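Quick notes on the structure that follows.
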Amino acid sequence: MQNIQRATTTLPGLVRRWLRPVGRRLLGTLVRVETNEPVVALTFDDGPHPVYTAQILDLLRQYRSRATFFLLGRHAVDQRALVAQIAAAGHAIGNHTFNHARMPEISRWQRWRELWMARRALSPYGVPLFRPPYGGQSYGSRLDVFLFGYEVTGWTSHIEDWVAQPATQLAERLRQQLHPGSIILLHDRLANPRDPAAVDRSPLIEALATVLRLSHTTYGFVTVPELIRTGRPVRVPWFRPAR
Ligand SMILES: [Zn+2]
């Protein structure tokens, strides 16, 4: 008893118990989960899209899989029924700002507005997860997101799905990224397409169908909150300007 008392009241004990976890939550970006279970979190950014998101929901239902959708507030307000449908199917809905804002490049007031408006657009379905557009973060943006109570969710890997590629190539790349505890970045819609040919998400959806068909018995496809519960979340310092 005395030992426990001492461990928590000494400075190293306090650092271990309180400051480190708070610091990690304040400054750390979730990038993967250390787990022995064969589970993967597929994440879809920039939606919802009336055609592509609906097709992805059909596929996920077919293979009893779940995913996390980081929705844009401005798209969510146009697609209220779809947002409700995503939530009703058991998927997680995270905040990806209202206008796909580059967080480090806008004022604090604008950041709060982006977070608040998106939160309202996703209400009552949103979970406390935030993904910064372009992965761009600064110390100031981190603090704002923390004050809003969000866990910042990055990714373990992506398949460069904002560049047009044949479905077979996308499927191959996606299969190579399946590892226990991985968080994979995908897009059901492109907020600011740099490659006009990539606006059509059909090849990605075809690739997803292939991967789910081949891998759904080997891997469990779960939401980010479910993934976190399977092991130890890995959070890393992640600061980079929005590209
Ligand atoms: Zn995005």
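Values in this text are rule-based calculations from the coordinates and carry no lab data. Predicted model only: the values in this text are computed from it and were never measured. Counting neighbours? That spans all protein chains shown, and the Cβs are built from the backbone with ideal geometry, glycine included.
What to note about this one:
- For the stretch 212-242 and the stretch 139-170, distance of Cα centres in Å: 12
- Relative to the current alpha-carbon distance between E160 and L143, full extension at 0.36 nm per residue lengthens the span by 3.2 nm.
- Tail weight of P(r) past 25 Å, computed on alpha-carbon pairs of the chain, percent: 42
- Extension gain, F239-Q169: 0.36 nm per intervening residue step, less the Cα-Cα distance, totals 22.2 nm.
- Long-range amide H partners of F69 with built H, under 5 Å: F44, A92, I93, G94
- Trypsin sites (Lys or Arg not before Pro) restricted to the stretch 106-194 and DSSP loop, no more than 15 other C-beta within 10 Å: R194
- Beta bridges by DSSP in the chain, antiparallel share as percent, to the nearest 5: 25
- With a Förster radius of 35 Å applied to the C-beta separation of R194 and R25, the computed FRET efficiency comes to 0.60.
- Euclidean distance of C-alpha centroids, the stretch 16-65 and the stretch 67-98, integer Å: 13
- Label separation (R102 vs A54): 3.5 nm, computed from points 7 Å beyond Cα along the C-beta direction.
- Under-5 Å amide H pairs with H187, H placed in peptide plane, nonlocal only: D45
- Residues whose placed amide H lies under 5 Å from that of V152, excluding near-sequence neighbours: L30, F130
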